[in-house]
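Taking it in order: structure first as structure tokens, then the write-up.
Computed from the coordinates by the stated procedures, all read-outs in this text should not be read as laboratory data. Predicted model, so just to flag it, every value in this text is computed and none were measured. As a convention, Cβ positions derive from the backbone with ideal geometry for all residues, glycine included, and neighbour counts pool all protein chains shown.
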């Protein structure tokens, strides 16, 4: 941090054209990592970063500072493509990291480099309703009832929103007499109930919780719990639907960037750290489902067991992306802005 | 109805004054009060404490640095441009006048995107800069460039009408008496335009510190590194940190109020209220 600051000052004094130069890789005792992440992980990585810095200090004696950038998953991937110097990316879905791989920022087989599809935690999609559940929302079918307003972000820009859509489709597929058309029909009816599409998961939560829009928020499980914590446990209730989807937010080292910064070792150690007991405990505390079976079992009361589909059921992200979210895809076909 | 022809009827006056006051209250005073109300909703101590947050301090520092670079450069460029346009005739002069105002009519988001397209990793100069390890976008230079683009017109636009109306006779006299160009500028022109210049600089500074759209595009949103004050407000708001967000917003509003106070004081001291400065 002090290195960049010093360079920042150099930029002022020398001339306008003088720019921030990369911190030289030789400064091994004071490392800086940039973790470019999606919206609802701010609190998680604030804790993880503190724990990792301490662990790194014990192990190597060196100091490491981890800087964070948060935003919609798609927008963050875009920024990294445009040159944001991420050492690691921790995004909402694999498709966004695939986009980086396509431009050669990391290897195409990045997802096989870490355990569990490179997703150290999972989450699922649940409902957040107002206290007492006045609209009696129990399952996906209840979202389609007349007079129910649903808050969910825009699947074009938000990774979380794409998980929301696929979780809903999982339910639609389990209904008797399911056909391809009933899938489109479900989405059409669902988005008819959506008064506003925020660009990111956090924006949608703020719309629901702070601006008091809508009757139900479709949200990441972690985001729903956090909102409950922030706004008081008596303001909202979490409703777990009959089925949902296993969301696997993946992590990866941005190889092209760590090569330039000379931070490959510490970046790799950072991601490995996410799989340790210590980090898994932190994740569970921040309402992300840990991969560690023991820690998951210990926290069963916050992470109820429910039937979950996976992205494989949709043929993987490239197929799901093309079918549902690409320009002209199912979402474009069924979505009619309400105003 | 025996009022003079130059005077409006009483009800017209009252309606106009009433409407103005209502608008003033609803659109200026009320939002300001809400900002400060939210900032102090958990007491002055909580608000003060939120400003001690390292990220908040970094945002304030970054905003001051960005303004400290872009405002002086824009002031010098603004004076030079106004001087050129007011004093010389050259082909393309009218075009230049039009183009100086371009940043006013272009959306700030575009002003930011331009730099991403130029200097981004996939931009025209991106690969070249990357090879030499130079960072412009998602770093301080990008924020400075975006801010400069947005605030470019303020100084020149304030000086142009002033310089045009003042004419060149005094400068001509100075030159005839043997002054050099620099002496003429320093001793004759600068004193003539200083209040207009100061006003332009104040406006330029206020906008530089408050710019959101252009800064958002080139920032990269790295906490404690590339978040300026307006971006920090958004980040804190999204973190459910209402007190922090509104305290920072209040600080920005305070900067605007100080700007206004400085401007009024200057005008009052010079006895120039409303004259030549508008």
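Rg/Rh for the protein assembly as shown (Cα atoms only, Rh after Kirkwood) is 1.04. Between residue B:260 and residue A:294, the modelled label-to-label distance comes to 6.2 nm, taking each label 7 Å out from Cα in the direction of the beta carbon.
Provide B:242, B:11 in ascending order of the number of other Cβ atoms located within 10 Å of each residue's Cβ, fewest first.
Values: B:242 17, B:11 8.
Result, fewest neighbours first: B:11, B:242.
Normalising the Debye intensity of segment A:55-116 to I(0), with uniform scatterers on Cα atoms only, and taking log10 at q = 0.16, 0.18, 0.25, 0.30 Å⁻¹ returns -0.62, -0.74, -1.05, -1.29. Counting neighbouring beta carbons within 10 Å and listing from fewest to most, the residues A:240, B:44, B:150, A:129 come out as B:44, A:240, A:129, B:150. Inter-chain Cβ neighbour count for B:228-237, averaged per residue, equals 1 (cutoff 10 Å, partner chain atoms only). When each of the peptides A:122-128, B:75-81, A:173-179 is scored by how many other beta carbons lie within 10 Å of its residues on average, the order from highest to lowest is A:122-128, B:75-81, A:173-179. With contributions of -39500 (n - 2.57) from each DSSP H run of at least four residues, the per-residue ellipticity at 222 nm computed over chain B stands at -22500 deg cm²/dmol.
Applying 1/(1 + (r/R0)^6) with R0 = 25 Å to the Cβ-Cβ distance of residue B:165 and residue B:268, what FRET efficiency is obtained, to the nearest 0.05? Please report the intermediate quantities before stating the final value.
Working: r = 22 Å, r/R0 = 0.89.
That pair, residue B:165 with residue B:268, gives E of 0.65.
For chain A, the share of alpha carbon pairs falling in successive 10 Å distance bins from zero is 5, 25, 32, 22, 11, 4, 0, 0 percent.
For the peptides A:74-87, B:56-69, B:203-216, residues were scored by their other Cβ atoms within 10 Å and the scores averaged per peptide; the highest-first order is A:74-87, B:203-216, B:56-69.
Take each of the peptides B:95-105, B:190-200, average the number of other beta-carbon atoms within 10 Å over its residues, and list them starting from the highest.
B:190-200, B:95-105
Sorted fewest first by neighbouring Cβ atoms within 10 angstrom, A:285, A:131 come out as A:131, A:285. Using a Gaussian network model of chain A in which every pair of alpha carbons under 10 angstrom is joined by a spring, one finds that among A:247, A:256, A:283 the greatest mean-square fluctuation is at A:256. Structural size metrics of segment B:43-273, computed from C-alpha coordinates, are Rg and Dmax of 20.5, 67 Å. For chain A, the longest principal axis of the alpha carbon atoms and the long axis of helix A:180-192 meet at an angle near 80°. Against chain A, whose longest principal axis is taken from its Cα atoms, helix A:159-173 shows a tilt of about 30°. Helix A:42-60 and the longest principal axis of the C-alpha atoms of chain A enclose an angle of approximately 30°. How fast does segment B:116-183 diffuse by Stokes-Einstein, in µm²/s, taking the Kirkwood radius from C-alpha pairs at 25 °C and 0.890 mPa s? Translational diffusion coefficient: 157 µm²/s.
For the options A:198, A:39, A:313, a Gaussian network treatment of chain A with springs between C-alpha atoms closer than 10 Å singles out A:313 as fluctuating the most.
Our Cα-only numbers for segment B:143-278 put the radius of gyration and Dmax at 19.8, 67 Å. Rg and Dmax, both from the Cα atoms of segment A:118-220 and both in Å, are 13.4, 41.
Which whole number gives the average, over all residues in B:129-137, of C-beta atoms from other chains lying within 10 Å of the residue C-beta?
Details: counts 2, 5, 0, 3, 8, 6, 10, 5, 6.
Per residue, the number of nearby Cβ atoms from other chains is 5 on average.
Cα centroids of segment A:206-269 and segment B:103-148: 30 Å apart. Any idea how far the Cα center of segment A:316-339 sits from the one of segment A:49-71, in Å? Measuring centre to centre over Cα atoms gives 39 Å. For the peptide A:81-89, the mean number of other protein chain Cβ atoms found within 10 angstrom of a residue's Cβ is 6. Name the shape class, rounded, prolate or oblate, that the alpha-carbon gyration tensor gives for segment A:209-339, where a ≥ b ≥ c are the square roots of its eigenvalues, rounded holds for a/c under 1.5, and otherwise prolate holds if a/b is larger than b/c and oblate otherwise. It is oblate, given that a/c is not under 1.5 and a/b is not larger than b/c.
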